[in-house]
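Read-outs throughout are calculated quantities, based only on the coordinates presented, and are distinct from any laboratory measurement. Just so it is clear, the structure is predicted and the values come from calculations on it, not from any experiment. All Cβ positions, even for glycine, are placed from backbone atoms using ideal geometry, and neighbour counts span all protein chains on display.
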């Protein structure tokens, strides 16, 4: 498939085990793969991707089961390992010469990006992992595991709105004491799949993904334990990132922990957990500088 220097993407589909991925390609040059998180799809990057097309082949996609990437069978629980293998197969499709690519992932997409780096470091030049919620690495992991189970239970009992309210209240603070406060007294942050109004044309599609995210991705991805030893061996290719507005909040803590473990620092991006959607121009500027 030919790529071109245009803000409008060339679209394609890729058969992977158990699903068909919808992907989009813009620009030319080395590959920059963008992995969305939460209930978002490739459109999350519509305002960011054109910034890079003069020097990168920018690839974005709908993760399996999201939007235009249907599963072959019924909806089922997802695993980061399966999603990272999808990303690897997509790299094989768009860069068959094996040239190392750069990857940016946010939220649950950052978990997939970490797993991709651990499993296929030979295909990657740099990975920017923005607020991966790998809470199993935290010393109070059991508490956070119970919290995400509570979010799922709220979804089962009362639906999407109740689940997202529970998650928004619980992810605003960085510790157990904060999360025990009444919701009105906690620091607040947008939930993991919340997007601002400027994405209105695609909000309906992404909102339709939210039940799938709550049922089959949230608990499964936050329960994932990254291969820290494998990541440490390639830590020079890994950038741990977080939002400026996420200081003191739960979803920043795993990135900070990994950065400290690897002897580095968290690179700060504008906004909070959904800073990419809130401040796309500034976010793209920081990402460009981070990629080098």
Could you work out how far apart the two model spin labels at residue 232 and residue 156 are, taking each label as a point 7 Å from the Cα in the direction of the beta carbon, and quote it in nm?
3.7 nm
Ratio of the Cα radius of gyration of the chain to 2.2 N^0.38 Å, where N counts its residues
0.93
List the equivalent ellipsoid semi-axes of the stretch 197-270 in whole Å, largest first, each obtained as the square root of 5λ for an eigenvalue λ of the Cα gyration tensor.
28, 17, 11
Between 30, 100, 74, which gets the highest mean-square fluctuation from a Gaussian network model of the chain, Cα cutoff 10 Å?
74
Segments 258-266, 219-227, 81-89, 273-281 sorted - mean Cβ within 10 Å per residue, highest first
273-281, 81-89, 219-227, 258-266
Using Cβ contacts closer than 10 Å as the measure, can you line up 35, 217 from fewest to most?
217, 35
Quick one: 290, 106, fewest Cβ neighbours within 10 Å first, how do they rank?
290, 106
Identify which of 146, 113, 154 has the largest mean-square fluctuation in a Gaussian network model of the chain, with springs joining Cα atoms closer than 10 Å.
146
Fewest-first sequence of 69, 233, 108, 246 by Cβ atoms within 10 Å of each Cβ:
233, 69, 246, 108
Please compute the alpha carbon radius of gyration of the stretch 42-173, then divide it by the globular-protein estimate 2.2 N^0.38 Å. Two decimals is fine.
1.20
Normalised by the residues of the chain, what does the relative contact order come to in percent, with Cα pairs under 8 Å and at least six apart?
19 percent
What is the mean projected area of the alpha carbon convex hull for the stretch 1-103, to one decimal in square nanometres?
6.1 nm²
Over the stretch 49-105, how many percent of alpha carbon pairs lie in each 10 Å bin up to the one with the longest distance?
18, 48, 27, 7, 0
